[in-house]
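One structure below.
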Amino acid sequence: MVRVAVFLASAAPALFAQWPDYPAAGVPKTADGKPDLTGRAPKTPDGHPDFSGIWRFVDSPDARPEPSLPPGVGSLGIGSPVPGLYQFFDIGSTLKDGLPFQPWARELRKQRVAQDNKDNPDAHCLPIGLMQLHTHPQPRKIIQSPGLIVILYEANAGIRQIFTDGRPLPRNDAEPWWYGYSVGKWDGETLVVETNGFRDDVWLDVEGSPLTESGKMTERFRRINYGNMEIEVTVDDPKAYTKPWTVKVNHKIMLNTELIEFVCQENEKDVPHMTGK
Amino acid sequence: MRYQRLVVLLTLLSAGVGAQWLNYRDPGTPRTRDGKVNLSAPAPRAADGKPDLSGVWMHELTPVSEMRRLYGARVDAAIKVDVPGMEIGTQHKYGFDILVDFTPEESPIRPETEDILERALKRDPAEVCVGVPGFPLADLLSEPIKILQAPRMTVIFYEVDNLHRQIYTDGRVLPKEFDLPAYMGYSVGRWEGDVFVVETAGFNDKTPLDALGHPHSDGLRVTERFRRRDFGHLDYEMTFDDPKMYTKPFTIKVPHDLLADSDIFESFCSENEKDRAHLKK
């Protein structure tokens, strides 16, 4: 319960205010004029699928509820109810045997859970890593332009750049970043993004599954139709995991809306009150 | 007298920079025969034929001598506590005092606004990492910005505090009212010939315009005009219209230079924040 409180406290400010609605352009419509979310995915002028839009996370139907998670955490008052956040709390929740932790990583995660996840960066106004940004209940906006795709995250005002101008991933000399360094290329209709250059202390989920600086992430973005996107994420981090593992994250489009500002430091007074040893 | 506080204010505004990001040599950048970036090549165009403002940009630097002329001996005091990457000479003069061009007689500041400014000057310097530097201060300090011009949307990223602004270019007009005033406001942009004109409203009143603390109200409206003169140079002026605080609109010109083959860094004020405990009122 305490854990949930920490998470909510860090995620909840100013969720009810709204920007003025502005109708999204180019939405396919059904015969009765409603948005046809199963309509075809749009394309950019260069013929590639266009991922631009505002997206919300939807928990995988395969995600197992975590026994430690109290009921009712699903709806956080962020507009559309979220069916669940099991993947957000535990990114291995869709895998039959969980994540293939190295022994130290398993031990670390156990400790973090025992400490109510109080050191999750999100709870300290610090950036959360790419995986938590994929599964966070607050929306994200993709802006696709030739040569560069940017994702703006409402959660902790995250910003991610994906270079699609043909540059290679940096070797060894990259300054480690909270969000790493990402390059993308097209494989047919799929955008394949590779990322390295992570810091050594990434939390992949609220419960603190680690990612280290030796980690590499490969994401395959597929816009299945107008309203749905699937991201298949493979994490290869031999320092923390015994073998590479792959999970799927599902997103649904949000129409006629906009992100709002999130300034975590504003009025931040939680830290002295956090529990967990 | 007023400028005495600047040393403290500046120290608080920015986190340590200094690390270098990769130098990626962009093949799309025009170069002279000796391989240097040709900054006077024509400005590139986007697919729709408009000038493409995309790139990493840094405001022109106000030299130390000019800062000393404008702000006096306190500049030398500030130099003594210079933080690498944020030395005096890396900011823009308007980042200190947005009204520095005005004589006291000509200043558009209202008497009531003077009072607010005086109170701001007495604010607790321990309020570090509490909010964000806001507009336009985030682009007048020691850090660059990045413009991304996408279809229907242009985004400006500020290295300072990882801030960004979305500028809608899909034809929408500014809303008349704002339920949710924002630090960075709500912006729409349009083209007048080769000039990109951005109108912004919907600000909250929580951030000052400059380091000194000149306030603005939530009625502030800003008009920005961007013109990419050539590949390496961006003319940029901002007009501030805030009748509640200032008797007339005023305009500042802040030309920017391209930082070729570069990028902005991540910047998070709350990371490793350890100043607050040591600051005195």
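The values are calculated or read from the model by the stated rules, or taken from the named source; none is laboratory data. These figures come from a predicted structure and were not determined experimentally. Cβ sites come from the backbone with ideal geometry, for glycine too, and all protein chains shown count toward neighbours. Note: accessible area is taken over every heavy atom of the protein model, side chains too, but ligands, DNA and RNA are not part of it. Shrake-Rupley method; radii C 1.70, N 1.55, O 1.52, S 1.80 Å.
Which entries in A:LYS43/B:LYS176; A:LYS118/B:LYS93; A:LYS29/A:LYS216; A:LYS118/A:LYS141 show an alpha-carbon gap greater than 31 Å? Present the calculation step by step, with values, prior to reporting the outcome.
Numbers: A:LYS43/B:LYS176 33 Å; A:LYS118/B:LYS93 42 Å; A:LYS29/A:LYS216 40 Å; A:LYS118/A:LYS141 28 Å.
In this structure, A:LYS43/B:LYS176; A:LYS118/B:LYS93; A:LYS29/A:LYS216 exceed 31 Å between Cα atoms.
Note on A:GLU232 and A:THR30: with the Förster distance fixed at 35 Å, the Cβ-Cβ geometry gives a FRET efficiency of about 0.75.
Straight Cα distances below 17 angstrom link A:LYS96 to the aspartates and glutamates A:ASP59, A:ASP62, A:GLU66, A:GLU232, with same-chain residues fewer than 8 positions distant left out.
Bridgeable aspartates and glutamates around B:LYS122 (alpha carbons under 19 Å apart, same-chain partners fewer than 8 residues away excluded): B:ASP97, B:GLU112, B:GLU114, B:ASP205, B:ASP210, B:ASP275. For segment B:134-281, the relative contact order comes to 17 percent (Cα pairs under 8 Å, sequence separation of at least 6). Mean separation of Cα pairs under 8 Å and 6 or more residues apart, divided by the residue count, gives chain B a relative contact order of 24 percent. On association of chains B and A, roughly 3600 Å² of accessible area becomes buried (total for both chains; probe 1.4 Å). One decimal place: the segment B:LYS244-B:ALA41 gains 68.7 nm when fully extended, by the rule 0.36 nm per residue minus the C-alpha distance. Only Lys, Arg, Asp and Glu carry charge here, each on its Cβ (+1 for the first two, -1 for the last two); on that basis segment B:149-210 has a dipole of about 220 debye about its Cα centre. If only the Cβ of Lys and Arg carry +1 and only the Cβ of Asp and Glu carry -1, the dipole of chain B around its Cα centre is close to 180 debye. Taken along its principal axes, the alpha carbon cloud of chain B reaches lengths of 53, 45, 37 Å, longest axis first.
Please give the peptides B:227-233, A:105-111 ranked by average Cβ packing (other Cβ atoms within 10 Å per residue), highest first, as a rough proxy for protection.
Details: B:227-233: 18.7, A:105-111: 16.3.
Result, highest mean first: B:227-233, A:105-111.
Note on segment B:150-281: the alpha carbon radius of gyration divided by the globular reference 2.2 N^0.38 Å gives 1.19.
How big is the Rg/Rh ratio for segment B:90-222, C-alpha atoms only, Rh by Kirkwood, two decimals? Don't skip to the answer; put the middle values down first.
Values: Rg = 15.8 Å, Rh = 16.2 Å.
Rg divided by Rh gives 0.98.
Can you send over the carbon and sulfur percentage of the accessible area for chain B, probe radius 1.4 Å, protein chains only? Could you put the intermediate results ahead of the total?
Numbers: 6610 of 12940 Å².
That share works out to 51 percent.
Between B:THR223 and B:GLU66, what's the calculated FRET efficiency when r is the beta-carbon distance and R0 is 25 Å? Round to 0.05. Efficiency, rounded to the nearest 0.05: 0.40.
GNM on chain B, alpha-carbon springs under 10 angstrom: the most fluctuating residue among B:GLY219, B:GLY28, B:GLY49 is B:GLY28.
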